[in-house]
Amino acid sequence: NALQEEVLTFTTSADGSYTLFEDDGESYDFENGKVFRTTFARTGHSFTISGEGDASLVPAKRRYTLIFRGFENFTPTGSGIESVSYDAKTRSVTVTLSPVAADAAITLQLPGAQTHQNKDAKARAYEFLQMAGISIDWKRTWYEQLEGGMPVSRFLEQLHVDRIDTRLTEALTEILTD
C-alpha cells in the first residue's frame, strides 16, 4: 500500500459531512463489515478528516489536498499543513497536508472561512443555462431553485446529488462562486 494523493474540492461554507466508503471492489465482504470509512466534516470553523475500519483495503498513507473554492482568502491552522495558497481568480484556498496514516484523525481550524458572494452570479448562471445543451425541464427546475432563494451552496450540493455531468457542475460552480 503506497502513498495515495487525495484531492477534494469544497464549495460551501455550511456545516456538513461526507463519508467515503471503500471496499475491496471484488467481493461482497462489505456486507460483513469489511470496509474502510473516511469521514470529512465541517462544523463551524472546524474541519476534520477521520478514518476507521479495515486498513488493509486502503493505502497506508494519504496526502490530502483540500481546495475551498469560491471562498474569501483565509489562513487555516492545524498540525500537518505543508502549504496554503490562495488563487484570487477562482477565489480558492488550497491546503496541502503532509502524508498521514489512512486512519489518522486530522483537525483544521478555518478562521474567517466564508464563501464569496457575487450579485451578478445568478445572471451569468441563467445566461450559461440558456446556452447549455440540457433539457428544458432541468433548466426550469434550476431557474426556480435559484429564483426561489435556494442558497448557492445548497444548489451546488443538489447538482452533485442529482448526478449532473461533472463538467456542467464545475462550470456552474465557477460561475456562482466567482
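The values are calculated or read from the model by the stated rules, or taken from the named source; none is laboratory data. Keep in mind the model is a prediction, meaning the values are calculated, not measured. Backbone-built Cβ (ideal geometry, glycine too); neighbour counts: all protein chains shown. Each accessible area value is taken on the protein alone, full model and side chains, heavy atoms only, with ligands, DNA and RNA left out. Shrake-Rupley method; radii C 1.70, N 1.55, O 1.52, S 1.80 Å.
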Considering the chain as a Gaussian network with a 10 Å cut-off on Cα pairs, which listed residue, R62, R167, R42, attains the greatest mean-square fluctuation?
R167
One finds the C-alpha centres of the range 87-107 and the range 154-168 to be spaced, in Å, by 23
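What part of the accessible area of the range 1-93, given as a whole %, is carbon or sulfur when the probe is 1.4 angstrom? Walk me through the intermediate numbers first.
Details: 2500 of 5210 Å².
The nonpolar share, carbon plus sulfur, comes to 48 percent.
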List the aspartates and glutamates whose Cα lies under 14 Å from the Cα of K122, skipping any in the same chain that are fewer than 8 positions away.
E144, E147, E174, D178
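Take the Cα atoms of the chain, build their convex hull, and give its volume per residue in Å³. Working shown, then result.
Numbers: hull volume 24.8 nm³, N = 178.
Per residue, the Cα convex hull of the chain comes to 140 Å³.
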Along principal axes, largest first, the alpha-carbon spread of the range 28-85 in whole Å comes out as 44, 22, 19
The answer for the range 63-103, accessible area per residue at 1.4 Å probe in Å², is 44
What angle, in degrees between 0 and 90 and rounded to the nearest 10, separates the Cα long axis of helix 136-147 from the longest principal axis of the Cα atoms of the chain?
90
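If a/c stays under 1.5 just call it rounded; otherwise compare a/b with b/c (prolate if a/b is bigger, oblate if not). Do that for the range 124-178, with a ≥ b ≥ c from the square roots of the Cα gyration tensor eigenvalues. Could you put the intermediate results ahead of the total?
Working: a/c = 1.17, a/b = 1.07, b/c = 1.10.
The shape class here is rounded.
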Using label points projected 7 Å from each Cα along Cα→Cβ, tell me how many nm separate D165 and T9, to one decimal.
1.6
